[in-house]
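Working notes, structure below.
The values are calculated or read from the model by the stated rules, or taken from the named source; none is laboratory data. It should be emphasised that the depicted structure is a prediction, and the values quoted were computed from it without experimental measurement. Because the Cβ atoms are built from the backbone with ideal geometry, glycine has one as well, and the counts that use them run over all protein chains shown. Accessible surface is based on the protein model in full, side chains and every heavy atom, while ligands, DNA and RNA are left aside. Shrake-Rupley method; radii C 1.70, N 1.55, O 1.52, S 1.80 Å.
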Number of protein chains: 2
Amino acid sequence: MRFVHETLPQRVRLASGEATAAVAEEVTLLGATRVMVIASEREAGLAESVTTGLPVALTYDDVVMHVPVEVADRARAAADAAEADVIVTVGGGSTTGLGKAVALTTGLPIVAVPTTYAGSEATDVWGLTEGAVKTTGVDRRVLPRAVVYDATLMTGLPVDLSVASGLNALAHCVDSLWAPRTDPINAALAAEGARALRIGLPHVVADPHSIEGREQTIHGAYLAAVAFASAGSGLHHKICHVLGGRYDLPHAQTHAAVLPHVLALNVPNAPEADARLAAAFGTPTALAGLEQLRATVGAPRALRDHGFREDQVADAVAAVLPVVPPSNPTPVTTENLTALLRAVWEGADPA
Amino acid sequence: MRFVHETLPQRVRLASGEATAAVAEEVTLLGATRVMVIASEREAGLAESVTTGLPVALTYDDVVMHVPVEVADRARAAADAAEADVIVTVGGGSTTGLGKAVALTTGLPIVAVPTTYAGSEATDVWGLTEGAVKTTGVDRRVLPRAVVYDATLMTGLPVDLSVASGLNALAHCVDSLWAPRTDPINAALAAEGARALRIGLPHVVADPHSIEGREQTIHGAYLAAVAFASAGSGLHHKICHVLGGRYDLPHAQTHAAVLPHVLALNVPNAPEADARLAAAFGTPTALAGLEQLRATVGAPRALRDHGFREDQVADAVAAVLPVVPPSNPTPVTTENLTALLRAVWEGADPA
């Protein structure tokens, strides 16, 4: 056992039905008097409700996916012009991301009110795109000071999107267990995240308006992001990054299809990760728990249904091999990676 | 699910055999050039070894249990006179406590190198005594910026002391699960702490020089302190505080004897805590796991062997009842508390 674990400071509140009061308290605690509200047009109504009674100096809705630099620059200029002293973001990953871009140069504190399970609010990672190139970085200034979760803001999130987003969070949990900076602290948070997602997602599928299901999913996705940011990218994320980038495959389906095969590859050489996940799922093995959950929520299986072609397997193997993390429990070879990606392509049961 | 969880910033390193290099790195990261080393006389040799090569401005060994105010004042004056810009503590709870007392008024950052499983290094709680009165408080300034754990510094800690200290940490984990500010985040950390202590303590008993056993115990005790500081005192700690304060019973034995009875009282109304601990212990129930561990490490059972008298049970019941936390899962009555304390007195098996 040997590690350096950095715990980042953040106050997280789960207050379903009470986001407005919770946000007001956080703004008051920060001593702020000129609020910049960031929310996309689509969530304008939600944002207005959540920021009722706040000293709003500026409401900003020019939110664009992947935070283009010019969008960030305009938002920064607007924050300056309005003399904002706090940013309140209401929305998903792109909205939180724009808040982070503004915080990065202005140093303004962020109070984040997430409406999806993206998890960006839990990390100090920022991202900006210039043309087609995405740059990411880590900076303590972009970590939201406080996060306010309110399950009632999420009951409208469609089931398929919720499942995709929740399985993406689960992939963060699982992959954290053998990622380059894995340690027993982020592993414990990852296992708790998996436990909560295993409880929450079937609830959401059975009843999208279930507050309990949404709360468990929120809690799980939050810890998934904390654990992943701490542990880094493991084999699963390296594979998904290659598949998504080279063949333009859909993000969520790719994660859902790849995860059980990476788990099956690694558990024989990762008994502790297996035991942690099995305990979290309440099943004899990690794989049994994941398969049970995937069946319950109707997770995507075969990537050939989503644009991946059999003749791309060899190319994908060649692209993944050089980026396999040295920390991966099972040595990755052309043979086992080919078998894995073929199984992903055809949706075979994980071995 | 409804909570406010505050995560405190800290970097924790587990680097067995490499404390000296790790401490030097932390001091450098803080940009410090005048180190105040705090260590008791007994640990002078250890402290010298751990701080080799540092720019030490002052070595301070006037460490007294419970941090009397006059001891704190002298240490603060010494820090000022030496123009120290960082505190490095090497020792147990009293040593860390003196470092915190100095940090409280001077704002100096602390790098803590613990040599016991006390856990003070993981919290922002300070304590000072004036005469017989102990005052405690919470202040972000006293939270060590970094903690460096090195199992080789602990292999000399006697087995009985290690077990007592480890069971005390386990009590923090268990009691956190129904403490006033319990939430699923600190519960996950508490469960991980219990898991690690369950693995570590039998190793330490079997072989006090086992680095693996010491590392698991360190990791467990660290998370126990993090979880407890976040969740607050539950019924177990209220009972132990009364028993210790009124009848001068030994701290460690009291915790060891009381814990299974509080667990047995609460699990019927705390199924989630039961499930979390059972999963952490790898046993069918939480109680089975705790009893197995207590048997393995030879934990104290009957408090009548340690000075508690049968005729004090009624007095103890009367003293505990008014301080029972409202969050306790099982309603506490004169009847069930009397039965509990009688069982603790005679060392009966928990029901």
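Worth pointing out:
- Test: residue in segment A:106-120 that is away from chain B (no Cβ under 14 Å), aromatic (Phe, Trp, Tyr) and out of contact with any strand residue (DSSP E or B) (no Cβ under 7 Å at 6 or more places or on another chain): yes
- Qualifying residue in segment A:110-126 (condition: surrounded by fewer than 24 Cβ atoms within 10 Å (Cβ to Cβ), of a type outside the set (A, V, I, L, M), farther than 27 Å from A:Thr217 by Cα and modelled with pLDDT of 95 or more): no
- From the list B:Arg2, B:Arg13, the one residue that fits, being at the interface with chain A (Cβ under 10 Å from one of its Cβ atoms) and over 30 Å from A:Thr217 (Cα atoms), is B:Arg13.
- Some residue of segment A:267-282 being at pLDDT 95 or above, under 16 Å from A:Ala343 (Cα atoms) and surrounded by fewer than 24 Cβ atoms within 10 Å (Cβ to Cβ): no
- Filtered residue count, segment A:314-329, keeping only those that are closer than 24 Å to A:Ala270 by Cα, in contact (Cβ under 8 Å) with a residue 40 or more places away in the chain and either hydrophobic (A, V, I, L, M, F, W, C) or in contact with a Pro (Cβ under 9 Å, 6 or more places away or on another chain) (or both): 7
- Residue within segment A:299-314 that is open to solvent by less than 40 Å² (accessible area, probe 1.4 Å), touching a Ser or Thr at 6+ places or on another chain (Cβ under 6 Å) and not acidic (Asp, Glu) present: no
- Whenever a residue of segment A:188-212 is over 25 Å from B:Ala190 (Cβ atoms) and more than 9 Å from chain B (Cβ to nearest Cβ), its partners that are hydroxyl-bearing (Ser, Thr, Tyr) and open to solvent by less than 10 Å² (accessible area, probe 1.4 Å), lying with C-beta atoms within less than 6 angstrom and at least six residues away or across chains, give the pairs A:Val204/A:Ser162; A:Val204/A:Thr217.
- Test: residue in segment B:250-260 that is part of a helix (DSSP H, G or I), without any contact (Cβ under 8 Å) to a residue 24 or more places away in the chain and open to solvent by 20 Å² or more (accessible area, probe 1.4 Å): no
- If you go through segment B:169-202 and keep only what is among the acidic types (Asp, Glu) and surrounded by fewer than 24 Cβ atoms within 10 Å (Cβ to Cβ), you end up with just B:Asp183.
- Any hit, segment B:154-161, residues being assigned to a helix (DSSP H, G or I), closer than 26 Å to B:Thr217 by Cβ and open to solvent by less than 10 Å² (accessible area, probe 1.4 Å): no
- B:Ile211 aliphatic (A, V, I, L, M) and out of contact with any Ser or Thr (no Cβ under 7 Å at 6 or more places or on another chain): no
- Annotation note: Cβ proximity below 7 Å between a residue of segment B:19-40 that is in the same structural domain as B:Val111 (by TED's automatic domain parsing) and a residue that is among the aromatic types (Phe, Trp, Tyr) and at pLDDT 95 or above (sequence gap 6+ or interchain) occurs for B:Met36/B:Tyr60; B:Val37/B:Tyr60; B:Ile38/B:Tyr60.
- Search result, residues across segment B:176-229 that are of a type in the set (Lys, Arg), over 17 Å from B:Val163 (Cβ atoms) and part of a helix (DSSP H, G or I): B:Arg195
- Candidates in segment A:187-226 are the residues that are under 15 Å from A:Ala118 (Cβ atoms) and among the hydrophobic types (A, V, I, L, M, F, W, C); of these, the one that is farthest from the chain's Cα centre (by Cα) is A:Leu197.
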